[in-house]
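Scroll down for the structure; my scribbles are underneath it.
The values are calculated or read from the model by the stated rules, or taken from the named source; none is laboratory data. Everything numeric in this text was worked out from a predicted model, so none of it was measured. Methodologically, a virtual Cβ is constructed for each residue, glycine included, from the backbone with ideal geometry; neighbour enumeration extends over all protein chains shown. Note: accessible area is taken over every heavy atom of the protein model, side chains too, but ligands, DNA and RNA are not part of it. Shrake-Rupley method; radii C 1.70, N 1.55, O 1.52, S 1.80 Å.
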Amino acid sequence: MSTPVYPMTRATGCPFDPPPQLRELQEQAPLVKVDIFGKPAWLVTRYADQRALLADPRLSADVTTPGYPSPTGQPPRKDGVGIGFILMDDPEHARLRRMVTAPFMIKRIEAMRPGVQKIVDGLIDDLLAGPKPVDLVEAFALPVPSLVICQLLGVPYADHDFFQQNSKTLIRMTASPEERAAAHGNLASYLDNLVGEKLENPGDDLLSGLTERVRSGEITRQDAAGIGVLLLIAGHETTANMIALGTLALLEHPEQLAVLRETDDPKVVASAVEELLRYLNITHNGRRRAVLEDVELHGQVIKAGEGVIFPNDIANRDASVFDDPDTLDVHRDARRHVAFGFGVHQCLGQPLARLELQVVYSTLYRRIPTLRRAVELDEIPFKHDGAVYGVYSLPVTW
């Protein structure tokens, strides 16, 4: 088998499936070297192997570690621009993560359900009162998580155009290093100013909680702003894409959509959310690690200083774990998926993402039961150039 190049193009026949080359590698060569921006890195495609290595302390998530396979092909800036705690190792990763763990505890997030429901219902009211067709991304999928994360962080929603545009640049794979640095600088400056305001007039929000840590000397003001940038980007980009792409997937599978439209059972909705997370898995550029000590897998040795890529989309389609994995089945028990990662770097915000998706998927199709695409599937622009997969727009009508 010739050395494959990563990332690999997705199948044109089904925009929800991983690249067919990944399936071939999973079955025939679960550990193989690939070419990424002219440099070699190991590709790990099986579910069990990914979970084992993502929890292995011999692998580093620190982007400054030699051998780290950068998703953009560019080395990290020496001044640390763009490096959040998710791209650090313990103990620094754990120290900074602990600063924001409490607001994302399940009990705290569950208390937000009525507020999220109010946001979703209000946006659907606007949809029903407005013109048709409408772009579901701009009118609904993006505003829902943006409004929620703004309320949680204490960020003015009036500034959403500013932070959405800059975050889009940061996650666009084709953005130049200069464009990415400028976008991050814009967001860092914005959050730094906001932290400064909350140091003077704290409120009841996450950023205000971080300013208490700044005043006590536990973290710097720059740390607080950096955490704010990370949460602001992660808090709306990923969920927005899941809302839109999940809706499109359900529209293409009307029998699955009917289950959500007709149920009032929270357990059925929760199960459907897990299956959609497994089936779609919108982070398609793979989690990345650098090897600190030699690791043996499948009779081969991944040496210290080499990079490893974990394409979680194909891990969630591993037939040894999920029966008939390429079928969307909202009744499936999909809770073992790795859409949120695994190990100490598992997604901090997953309780919030689950809550938002549960509210959206249990409300949108019930209130607009005749929702449908307003254009042909091949006219929908998919985000093949982004670190987060989804659609740029989704024209719908009813």
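Key figures for this structure:
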item: For the range 120-208: accessible area per residue (Å², 1.4 Å); result: 44 Å²
item: The range 221-271-the range 94-137 distance, computed between alpha-carbon centres (Å); result: 9 Å
item: Accessible area in the full protein assembly, largest first, 1.4 Å probe, for K118, K303; result: K118, K303
item: Most to least accessible of S362, S146, S189 (protein chains only, probe 1.4 Å); result: S189, S362, S146
item: Computed E for E27/T327 - FRET, C-beta separation, R0 22 angstrom, nearest 0.05; result: 0.80
item: Heavy atoms of L348 accessible to a 1.4 Å probe, total area in Å² rounded to 10; result: 30 Å²
item: Accessible solvent surface per residue of the range 299-398, calculated while the other protein chains remain in place, 1.4 angstrom probe, Å²; result: 39 Å²
item: Enclosed volume per residue, in Å³, of the convex hull spanned by Cα atoms of the range 264-341; result: 98 Å³
item: Residue-span extension gain [D35 to S189] - 0.36 nm each, minus C-alpha spacing; result: 51.8 nm
item: Scattering curve values for the range 260-389, log₁₀ I(q)/I(0), Debye with Cα scatterers, q = 0.09, 0.10, 0.11, 0.16 Å⁻¹; result: -0.36, -0.44, -0.52, -0.99
item: Accessible carbon and sulfur surface of the range 100-168 relative to its total accessible area, %, 1.4 Å; result: 62 percent
item: For the range 193-316, the fraction of alpha-carbon pairs in successive 5 Å shells from zero, as %; result: 2, 9, 12, 12, 10, 10, 12, 15, 11, 6, 2, 0
item: Stokes-Einstein translational diffusion, the range 149-247 - Kirkwood Rh over all Cα pairs, 1.567 mPa s, 4 °C, in µm²/s; result: 92 µm²/s
item: Out-of-range pairs (alpha-carbon distance over 21 Å; input K33/K168; K132/K267; K132/K383; K33/K303); result: K33/K168; K132/K267; K132/K383
item: Heavy-atom accessible area order for L377, L59, largest first, 1.4 Å probe; result: L377, L59
item: Rule-of-thumb Rg ratio for the range 117-195 [Cα; 2.2 N^0.38 Å; N residues]; result: 1.29
item: Relative contact order computed over the chain (Cα-Cα under 8 Å; 6+ residues apart), in percent; result: 25 percent
item: For the range 232-305, alpha-carbon Rg relative to the globular expectation (2.2 N^0.38 Å, N residues); result: 1.64
item: Value of Rg to Rh for the range 327-398 (Rh from inverse mean 1/r over Cα pairs, i.e. Kirkwood); result: 1.01
item: Separation in nanometres of the label points that stand 7 Å from Cα toward Cβ, at S320 and S216; result: 4.5 nm
item: Alpha carbon centroid spacing (whole Å) that separates the range 139-181 from the range 290-314; result: 33 Å
item: Computed accessible area, L128, all protein chains, 1.4 angstrom probe, square angstrom; result: 80 Å²
item: Antiparallel bridges, percent of DSSP beta bridges restricted to the chain (to nearest 5); result: 90 percent
item: Carbon/sulfur fraction of accessible area - the range 270-378, other protein chains in place, 1.4 Å, %; result: 47 percent
item: For the range 335-352 versus the range 30-56, the gap between their alpha-carbon centres in whole angstrom; result: 19 Å
item: Compactness of the chain, expressed as Rg and Dmax over alpha-carbon positions, Å; result: 20.8, 62
